[in-house]
1. For region 67-135, what D do you get in µm² per second when you plug the Kirkwood radius from alpha-carbon pairs into Stokes-Einstein at 4 °C and 1.567 mPa s?
2. Ignoring ligands, DNA and RNA, what accessible area per residue does region 92-195 give at 1.4 Å, in Å²?
3. Considering only protein heavy atoms, with the full assembly of protein chains and a 1.4 angstrom probe, order CYS57, CYS106 by accessible area, largest first.
4. Tell me the Rg and the Dmax, in Å, that the Cα atoms of region 53-105 produce.
5. Loop only by DSSP, 13 or fewer other Cβ within 10 Å of the Cβ. Give me the chymotrypsin sites (Phe, Trp or Tyr not before Pro) in region 1-101 that pass, ordered by residue number.
6. How long are the semi-axes of the equivalent ellipsoid of region 60-195, defined as square roots of 5 times the Cα gyration tensor eigenvalues? Whole Å, largest first.
7. Please give the charge dipole size of region 58-127, origin at the Cα centre, charges +1 on K and R Cβ atoms and -1 on D and E Cβ atoms. Round to the nearest 20 debye.
8. What pairs from LYS99/LYS148; LYS27/LYS148; LYS51/LYS159; LYS80/LYS101; LYS27/LYS158 go past 26 Å between their alpha carbons?
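The values are calculated or read from the model by the stated rules, or taken from the named source; none is laboratory data. This one's a predicted model, so the numbers in the text were calculated from it and none came from an experiment. Glycine gets a Cβ as well: all are built from the backbone with ideal geometry, and neighbour counts include every protein chain shown. Calculation scope for accessible area: heavy atoms of the full protein, side chains included, ligands and nucleic acids excluded. Shrake-Rupley method; radii C 1.70, N 1.55, O 1.52, S 1.80 Å.
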Amino acid sequence: MNTLIDSAISMANDEYTTHELNKEHGKGSWKHNDGWGIAYKNENNEWVIEKSHNNICTDTKINSLRGITTKHAIIHIRKKMGSEVAIENTHPFVVSEKKGKTHVFCHNGFIDEDIYFDPRFTLNGETDSERLFYSLLSDRMASSSMTKAIRHNFTRYKKLTGTNIILSNNTETYVALRENSFPTYYQMQMAELDN
């Protein structure tokens, strides 16, 4: 967990790469200070969610997670783009189904148009990300395929700066990136550690 947390802090400080959004002012000029969240699976393969609306770089709460051992963790560092700093707007978002499946979702990007979803889902915050999550789950209920739901949503919305997502449940993880105007900023990388 230490490697993941340290990498997240470096990313929040905009220390990694020069990209389209920090090109003019350089590294460190596009910081993500607006909250953080982490989802990890415990020894019973159940999702545990920890969130904070504080800056991960100065929030001592993150240190309590350093000793956790897990094989599956997702962390999101927030930069607000249309909704206020609040715990309800902090990722990851979680939905547990009656069948026992729990879905965890993180999104990077901003969709500036109406996002439609089944009224069975109730918004807790005000983000486009939470709406997109519910739209994906609504489409998945209609088609019974998460892959189709992701593809449909990635072509449905046109007014966006970019979009990448991680959606995971008890047995599957989906990572998706939509073609966008800021390919360096929205790129995603995967890594696997030996330990």
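1. Values: Rh = 13.3 Å.
Answer, rounded: 97 µm²/s.
2. Details: 6000 Å² over 104 residues.
For region 92-195, the solvent-accessible area averages 58 Å² per residue.
3. On the way: CYS57 45, CYS106 10 Å².
Descending order: CYS57, CYS106.
4. In order Rg, Dmax, the Cα atoms of region 53-105 give 13.5, 39 Å.
5. Of the chymotrypsin sites (Phe, Trp or Tyr not before Pro), the ones in loops of region 1-101 whose Cβ has at most 13 other Cβ atoms within 10 Å are TYR16.
6. On the way: eigenvalues 104, 71, 57 Å².
Equivalent-ellipsoid dimensions as semi-axes: 23, 19, 17 Å.
7. Values: 10 positive and 9 negative charges, 122 e Å.
For this selection, approximately 580 debye.
8. Working: LYS99/LYS148 21 Å; LYS27/LYS148 37 Å; LYS51/LYS159 28 Å; LYS80/LYS101 29 Å; LYS27/LYS158 29 Å.
Table pairs above 26 Å Cα-Cα are LYS27/LYS148; LYS51/LYS159; LYS80/LYS101; LYS27/LYS158.
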